[in-house]
Amino acid sequence: MYHKTLPYRIFNIVNTCFLLAVALMCVIPLIHVLAVSFSAKSAADGNLVGLWPVDFSTVAYEKTIDNPVFLHSLWVAVKRTVIGTAGILVVACLAAYPLSKENAQFRGRSVYAWVFVFTMIFNGGLVPFYIVIQSLHLIDSFWVLVLPGLVNVWLIILLMNFFRGVPKELEEAALIDGAGHLGILARVYLPVSLPALATLGLFAMVWHWNSWFDGLLYLSNKQDYPLATYLQTVIVSRDMSSMSFSKQEFDLLSQKTINAAQIFIGALPVLIVYPFLQKFFVKGLVMGSVKE
Amino acid sequence: MRYLRRTWPFHLMILPALALLIVFNYIPMGGIVMAFQDYKPWLHISGSEWIGLDNFRALFEREDSLQVIWNTFLISVFKIVFNLLTPFAFAILLNEVRARFLGRTIQTLVYLPHFLSWVILGGILVEFLSSDGGFVNRVLHELFGIKPIFFLGDGNWFRFTVVVSEVWKEFGYGTIVFLAALANINPSLYEAAEMDGASRWRQTLHITIPSLVPMAIVVGTLSLGNILNAGFDQIFNLYNSLVMDKGDIIDTFVYRTAINDGQFGFATAVGLFKSVISMVLIVISYRLAYKLANYRVF
Amino acid sequence: MKAMTRKSALAAAALMLAATGLAACSGSKDEEGSSSPSSASSPSASASASASATESAYKDKYDPPVTITTVWGVDPALKFKNGETIENNVATKWALDTLGIKIDSLWSVTDTNNAFVTKMRLAMSSSQKLPDVVTIGTGGDYDQLAQDLIDTGAFREVGSLFDQYANEKWKAAMNLDPNVWNPYTRDGKRMGIPVLDYAYNHDYLLWIRQDWLDKLHLEAPKTLEELEKVMDAFKNQNPDGLKPNQVIPLSIGFKTTMNTWMGDPSWVFGAYGTIPDQWNKAADGSLEWGSINPAAKQALQKLKEWRDKGYIPSEAALWDENKTSEPAVAGTAGIIPGPYWMSGWPLQDTAKNVPGAVWKPYAIPTGPDGKAGRHGTNFTSGVTLINKNMEHPEALFTYQNYLFENLADPQPGSQWDIGVFKGYDYDLDANGNPVYLDKIPGGEVNINRYWLVKDGARIPDAQMKALLKLADGNEPTTRLEKEVKNNYGPETPAAAKVLLSQPDISYKDMFTGPATPTMTSKQDYLKKIEMQTFNEIIYGKKDLSAFDKFVSDWKAAGGDKMTQEVNDWYKSTQSQ
């Protein structure tokens, strides 16, 4: 057993320490940002915060959360993420399955594949896209957040490559049992592709949760904004050389703490979900099902 | 006819994705013609003046055009390579961590930086990399006696910093794909190797790495679509007058010239130029992968 | 009513409205607009004014109401209460009730990350209806959008309307600086009404740590030479005991430009007789790009010297405006250039980090020849455009005249003296005394952003006048005076006085027109070689002679052509 040998044990210890060090390097800036988000404005503006809050304060979070729109935007974000992610997964599974077949089995698959990939590289820009959105009457509709992003070619190709790893024996056995393609997809492919689906789901979720530009542009009512769009409106970023001030604006000028708090409010739900998704990274799913 | 009867479910399954792509991607692609127009929003595409290749000329005729394109290419190539290799290597190393809890914790921590924005990171990096008592320079000085390096104010170091900080931010996120691929490796392969008395190093060399290569080819090929996107948000927040010659990229240049002036035509032309280059590279690498590794990327 | 002068008629109307809440006065205006003393009136403007067929349309109140359509870029910081929106709020209700003007919103967007400009362009691209009235800000992308909108041809010449309908107060405010029309003048026609803003908002002065000066027994510097002595003392004999490498005597930065609003280095150039990164009036009366003036060479030499001695941040080339304020707030910087309102933000936080820290405003020091200079602020914060197809363009003037009369500088005892909308920008306590800000039930909202035209009505010099009055130790009496006292930092009146002690050193960017062809194609490159050369000189990577090469490169690479175009434009605005 290799992992009982001395060299491997040494390697394992060194390796683990190395990875922990790398992880630490990734976390330190975040701890700094967290500290800033809980610091007083004066300390943050003076760049006096290190890894621990100076003059502990939750004002940045209060300012962000204490708005009647906040809770609603949270709800919109959950709605778009759940519906959007589910939609992406369904569309991706349906498309990736036939694309994963051999050319001999599904003539024309290469044409489809290129038609898909082409859209990853070429696009007509914002203007014609907006006109399409407008003529579909999607402006100010919740569905503008979901429909245009339903097809994620990158994820489809990823899934397609995972599907190719599914042993053909499984599929043939099911075919003999008289199952249709939808049945094979649901009963053979999906159960053994849990790590892939978890990955896809995570990517789709993070994308949906963080998207803000569509909300800002296609929704005119602040009440309809998803969280990410709402957070963009909390921070007042503008060209100072062309504005005049009121008292309220002075208070909002210092964005450092709010900016920092926003990161955590925005990332927290995704961070909570991640450990649960890790459970799906189970080794040997494919093999296990062959043995059955 | 028999053939059709056999594949019609396939076509049907692809249909939803295809229909959505036509509506939201292919129809708007008509806007690409703006690249050949002096597009004025109020005249629409139908009424704007056709100016042939003038927009492309504007991209290439500037004194610094070639330099900017070269900067973009150089920075993005390094980013693509290291954004591929780092997660690849990291996933393999992470896979060796025996303590499950520790492995999962590390996995979670390294993907956190993905959520930081470059606006915030820009401020942190200026501080962290300062040549005037910044953390990194202090460490380099204490440990190796190196003179302070002006990471963000020297052209070559700027490129280096941009690539390293991008990889630092994104490798954890990129690792996830490879972890999923690792989970898909058939355990019986390892069991057989174990029987043969193969060391872990040999197992890694002959089982793990080859199993991950297809995924690496796929991710690598697709990332060629970004060959001329060197990372607008990052460069925009980090660059400054001292490194303009070596740090200015196509996107920042377009931002300064076109977006401010509402030159949609010019911006579209630059986008089209980038797309064509990406397309050519993707086709080449698709062919190579098929010829050399007999692997169809998509 | 007809016997009364126009001004008193309006005032009377306003009083009556205020007293009764009824619009009793609906008599049509006399056609006397053309007799205005406006110096800005152009021949073509008065020609079209006399040709106007809608001359009797102006009313103080419209019955039945008229509709003005508009679009909104909503300030992200703007709050609403009582479930109101930008489309439907206390100000739109007021306009309908008092003036018979219904404000109809075509669309609105929260204006962050450039959303308004993008949405406006998309609206044009997708053939959406353009609004009757739209106000576009200035700076960044707004300037170009305003020019593009004028180019659409959908908006009308407004100069004649202004001459005809604007009231005296508005005209007087507009006449404070006749140049305000320049950006929106095409072939002598005034195509947009400038939105006036308070003057000097971004003129700057030097903020200096008075407690440090006092402890070192130093006088505030009046010349660059004295300034150097102060900086040296701040650095090497720091009164707070900071080590030399911990102190930033002068916090400035030039990440993207040499001419900005805080931590700005342009006064160093001013001390030698030029302002960089803007168009200045040269000795011969033509316009000149300030960065190529030989004076810039001397300034660069000075900046290099200061960097070598550690007077300015060693990484100033990486520092943007907000970064320059960090050491000032932290208490490690001794001097920072910035606007007169900086004691309100961010400098009031310094004392929280370093007890006893005191910032005082001082005049811009002079150079070896006694010259001094800083960049000036234009009086405008935007432009209002009027659609060609608008049925009642004069209704906009009904609206704006009312605000200039009542809102711009309300005098004691007038209708809006204590506040505009009860429960919004003020409220009354149990004793009937006005209360403001947090004491208003449900909090204050900035109703100035609810008006059809940004900030309602502002008279450029009103705020400075109010501040000067306070600086002289007078108690605030008018609302504006009370407002500046409450809203701005403690040193603001004094700073305003310092600022106005040097009115002649303020140089505005003289080019405010639409981008010229060479500007569009070359300016970015020219700016790039400029900033690169300047920084390389300051950082000692190139010696001073690089400046001369830059100037000749600049001219050859399109600079001369651009200068020519700029001067052609300038002449066209002067000749009207």
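Rg/Rh for the range C:515-576 stands at 1.12; both radii use Cα atoms, and Rh follows the Kirkwood definition.
I want the antiparallel fraction of DSSP beta bridges within chain C, as a percent rounded to 5. List each step's numbers first, then the result.
Working: 26 of 41 bridges.
Restricted to chain C, the bridges split so that about 65 percent are antiparallel.
Amide H to amide H distances under 5 Å link residue C:67 with C:102, where only residues 5 or more positions off or on other chains count and H is placed in the peptide plane.
Could you work out the equivalent-ellipsoid semi-axes for the range B:87-165, taking the square root of 5 times each eigenvalue of the Cα gyration tensor, largest first, in whole Å?
Over the Cα atoms of the range B:87-165, the ellipsoid semi-axes are 30, 16, 12 Å.
Rg over Rh for the protein assembly as shown works out to 0.99, both radii taken from alpha-carbon positions and Rh defined as the Kirkwood radius.
Mind running the shape call on the range C:274-363? Use the C-alpha gyration tensor, a ≥ b ≥ c as the square roots of the eigenvalues: rounded below 1.5 for a/c, prolate if a/b tops b/c, oblate otherwise. Since a/c reaches 1.5 and a/b is larger than b/c, the shape of the range C:274-363 is classed as prolate.
Give me a single rounded figure for A:90-100: the average over its residues of other chain Cβ atoms within 10 Å of their Cβ. Each step should come with its number before you reach the end.
Details: counts 2, 5, 1, 1, 7, 9, 3, 4, 7, 5, 0.
Going residue by residue through A:90-100 and averaging, the value is 4.
Counting only other chain Cβ atoms within 10 Å of each residue's Cβ, the peptide A:39-50 averages 6.
Interface residues of the range A:197-216, defined as a loss of at least 10 Å² in heavy-atom accessible area between the chain alone and the complex of all protein chains with a 1.4 Å probe, are A:199, A:202, A:203, A:206, A:210, A:212, A:213, A:216. Amide H neighbours of residue C:334 under 5 Å, at least 5 residues apart or on other chains, H built in the peptide plane: list them. Placed amide hydrogens put C:248, C:250, C:251 under 5 Å from residue C:334.
For the chain pair A and C, the interface hides roughly 3700 square angstrom of accessible area in total, found with a 1.4 Å probe. Shown for the range C:448-487: residues covered by the partner protein chains by 50 Å² or more of accessible area relative to the chain by itself (probe radius 1.4 Å), namely C:487.
Indicate the gyration tensor shape class of the range A:2-45 (rounded, prolate or oblate), computed on the Cα atoms with a ≥ b ≥ c the square roots of the eigenvalues: a/c under 1.5 is rounded; otherwise a/b larger than b/c is prolate and the rest oblate. Intermediate values should be presented prior to the final figure.
On the way: a/c = 7.92, a/b = 6.52, b/c = 1.21.
Prolate shape, in that a/c is at least 1.5 and a/b is the bigger ratio.
Using the C-alpha gyration tensor of the range A:1-151, what are the square roots of 5 times its eigenvalues, in whole angstrom, with the largest one first?
Numbers: eigenvalues 348, 246, 43 Å².
Listed largest to smallest, the semi-axes of the range A:1-151 are 42, 35, 15 Å.
Within the range C:322-367, the proportion of Cα pairs with more than 14 Å between them is 45 percent.
Under the convention that each Lys and Arg Cβ holds +1 and each Asp and Glu Cβ holds -1, the size of the dipole of the range B:12-104 around its Cα centre is about 720 debye. Rounded, prolate or oblate: which fits chain A when a ≥ b ≥ c are the square roots of the eigenvalues of the alpha-carbon gyration tensor, with rounded for a/c under 1.5 and prolate only if a/b beats b/c? Because a/c hits 1.5 or more and a/b fails to exceed b/c, chain A counts as oblate. Shielding of peptide C:255-264 by partners, expressed as the average count of other chain Cβ atoms within 10 Å per residue Cβ, is 2. Of all the C-alpha pairs in the range B:201-298, what % are more than 18 Å from each other? Result: 62 percent of Cα pairs exceed 18 Å.
Given a cut-off of 28 Å, what percent of all Cα-Cα pairs of chain B lie beyond it?
Working: 24894 of 44253 pairs.
The answer is 56 percent, as a whole percent.
Expressed as a whole percentage, what fraction of the accessible surface of chain C belongs to carbon and sulfur atoms when a 1.4 Å probe is rolled over the protein heavy atoms?
Working: 10850 of 21370 Å².
The C+S portion of the solvent-accessible surface of chain C is 51 percent.
Judged by the mean number of other Cβ atoms found within 10 Å, the most tightly packed of the peptides B:74-86, C:252-264 leads the ranking C:252-264, B:74-86.
Of the residues A:207, A:114, A:154, the one that moves most in a GNM of chain A with alpha-carbon contacts below 10 Å is A:114. When the alpha carbon gyration tensor of chain C is reduced to an equivalent ellipsoid, its three semi-axes come out at 44, 30, 21 angstrom, largest first. In the context of the full set of protein chains, the protein assembly as shown has a per residue accessible area of 40 Å² (1.4 Å probe).
Summed for both chains, how many Å² of accessible area, to the nearest 100, are buried between B and A with a 1.4 Å probe?
On the way: alone 18700 and 18110 Å², together 28710 Å².
When B and A are taken together, about 8100 Å² of accessible area is lost.
Taken over the alpha carbons of the range C:370-437 as equal point scatterers, the Debye sum produces base-10 log I(q)/I(0) values at 0.15, 0.17, 0.23, 0.27 Å⁻¹ of -0.77, -0.85, -1.05, -1.18.
Measuring nothing but protein heavy atoms, the accessible surface of chain B at 1.4 Å probe radius is 68 percent carbon and sulfur. What whole number of Å gives the distance from the Cα centroid of the range A:117-159 to the Cα centroid of the range B:223-249? Their Cα centres are 26 Å away from one another. Converting phi to 3J(HN,Hα) with the Karplus coefficients 6.51, -1.76 and 1.60 and the offset θ = phi - 60°, the range A:156-167 yields 4, 5, 4, 5, 4, 5, 5, 4, 4, x, 6, x Hz in sequence order, with x at every glycine or proline.
Surface composition of the range A:2-45: carbon plus sulfur atoms hold 84% of the accessible area, using a 1.4 angstrom probe and ignoring ligands, DNA and RNA. Computed about its Cα centre, the charge dipole of chain C is approximately 340 debye, with only Lys, Arg, Asp and Glu carrying charge at their Cβ. Put the Cα centre of the range C:228-298 next to the Cα centre of the range C:439-468 and the gap is 33 Å.
Take the Cα atoms of the range C:137-225, build their convex hull, and give its volume per residue in Å³. Write out the running numbers ahead of the final one.
Numbers: hull volume 15.1 nm³, N = 89.
Per residue, the Cα convex hull of the range C:137-225 comes to 170 Å³.
What is the distance in Å between the Cα centres of the range B:85-117 and the range A:86-112? About 31 Å separates the Cα centre of the range B:85-117 from the one of the range A:86-112.
The values are calculated or read from the model by the stated rules, or taken from the named source; none is laboratory data. Here the structure is a predicted model, which means the values were calculated and not measured. Note that we place each Cβ from the backbone using ideal geometry, even for glycine, and neighbour counts take in every protein chain shown. Remember, those area values only see protein heavy atoms, side chains included, never the ligands or the DNA or RNA. Shrake-Rupley method; radii C 1.70, N 1.55, O 1.52, S 1.80 Å.
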